[in-house]
Amino acid sequence: MLTAVVFYPFAYNFVLSLGNMNLMNIRDWMVIGFRQYIKIFTEPSQPDLYIVFLKTIIWTVVNVFFHVLIGVFLALLLNQSMRGRSIYRTILILPWAIPQFIVALTWRGMFNYEYGAINLLLTQLLGVPAVEWLSNPTNAFISCIIVNVWLGFPFMMVVALGALQSIPHELYEAANIDGARWYHKLSKITLPLIRPVMIPAITLGVVWTFNNLNIVWLVSNMGEPSDNTHILVSFVYKAAFNFYSFSYAAAISVVIFLVLLVFSLTFIRRTRAAEAAY
């Protein structure tokens, strides 16, 4: 099973990245070495691949930051004794349960300049001029970030809530006896004890967000991101299925894999997240 769904596709993609498969030679392509990798770093592309990589970094950092911030904040609230806690928990997990395709198209309609719900709220309730969310490249990129933050915080919330519920209450009782304030308990008890659980979740969040094609592709104008809203994974998709440069796209996907592999190993080692498993 692993050979069929993991090893063979990965090996085939790597071999493909060493070839010259494109629209002109789909069946008679051959291995030509590392020319595609050299092309990635030396030949200019449209849009510029280094700018796309920078946008991907911004996309990933901003999204994961708000995923963790909102998720942990809501988990702290839900961990308190309150009436209707299970109802709130169910409602807050809905963004994660709805398919991304439906969410992206729904938000795209909400971002419509003339009829979208967001501009209607801005103009009628707040008296703010309507915003061209999807026709302006910067606003389109911000729109994609807003949608992805809305989609991603429930996962971090669930993970953080599970970690919070495993913390012994005796620690907080002892802190109360010592006169500790809420920020002391947060910094000395809560955050250190949920850290071994949150670090792997953040690592997964980075990988998922870095490779999240659906939101960028579907929310951006006309169902396809302009050159100013591309991230690496959408650039790869366009290179493969719009320009039919299959080997070039495969080479970029290998580079993406190596970037994420190096990040994941370095991040887990630096944060010592694996020490809790021993």
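The values are calculated or read from the model by the stated rules, or taken from the named source; none is laboratory data. These numbers were taken from a predicted model, which means no experiment stands behind them. Note that we place each Cβ from the backbone using ideal geometry, even for glycine, and neighbour counts take in every protein chain shown. The protein model used for the area step is the full one, side chains on, heavy atoms only, and it has no ligands, DNA or RNA in it. Shrake-Rupley method; radii C 1.70, N 1.55, O 1.52, S 1.80 Å.
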Checklist entry - Considering the chain as a Gaussian network with a 10 Å cut-off on Cα pairs, which listed residue, LEU258, LEU232, LEU18, attains the greatest mean-square fluctuation? => result LEU258
Checklist entry - GNM, the chain, Cα, under 10 Å: largest mean-square fluctuation among LEU126, LEU92, LEU193? => result LEU126
Item to check | Formal net charge of residues neighbouring ALA249 (Cβ-Cβ distance under 12 Å; K, R +1; D, E -1) | outcome: +2
Checklist outcome for this item: So the angle from the long Cα axis of helix 137-165 to the longest Cα principal axis of the chain, reported in degrees to the nearest 10, equals 50 degrees
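Once the convex hull of the C-alpha atoms of region 47-94 is built, how many Å³ does it hold per residue, rounded to a whole number?
Measuring per residue, one finds 59 Å³ for the Cα hull of region 47-94.
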Checklist entry - Normalized C-alpha radius of gyration of the chain, against 2.2 N^0.38 Å? => result 1.20
Checklist entry - Using a 1.4 angstrom probe with every protein chain in place, what is the largest-first accessible-area order of LYS188, LYS238, LYS39? => result LYS188, LYS39, LYS238
Next on the checklist: From the phi angles alone, apply the Karplus equation (6.51, -1.76, 1.60; θ = phi - 60°) to region 184-195 and give each ³J(HN,Hα) in whole Hz, x where the residue is Gly or Pro.
Outcome noted: 5, 5, 5, 7, 9, 10, 5, 4, x, 7, 8, 4
Checklist entry - Taking the radius of gyration and the Kirkwood hydrodynamic radius from Cα positions alone, what is the Rg/Rh ratio for region 46-202, to two decimal places? => result 1.07
Checklist outcome for this item: In region 136-278 the accessible area split gives carbon plus sulfur, as whole percent at 1.4 Å, a share of 64 percent
Next on the checklist: Taking every alpha carbon pair in region 1-90, what does the distance histogram look like in 5 angstrom bins from 0, in percent?
Outcome noted: 3, 10, 10, 11, 11, 12, 10, 9, 7, 7, 6, 4, 2, 0
Next on the checklist: How much accessible area per residue does the chain have, counting only protein heavy atoms and a probe of 1.4 Å, in square angstrom?
Outcome noted: 59 Å²
Checklist outcome for this item: Among ILE58, ILE32, ILE142, the residue with the largest mean-square fluctuation in a Gaussian network model of the chain built from Cα contacts under 10 Å is ILE32
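What order do you get for 163-169, 5-11 when each peptide is scored by the mean count of other beta carbon atoms within 10 Å, highest first? Intermediate results must be reported in sequence, preceding the final value.
Numbers: 163-169: 12.9, 5-11: 10.7.
In descending order of packing, they fall as 163-169, 5-11.
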Item to check | Surface/4 estimate of mean projected area, convex hull on alpha-carbon atoms of region 111-263, nm² | outcome: 13.0 nm²
Item to check | Compactness of region 70-158 as Cα Rg over 2.2 N^0.38 Å, two decimals | outcome: 1.28
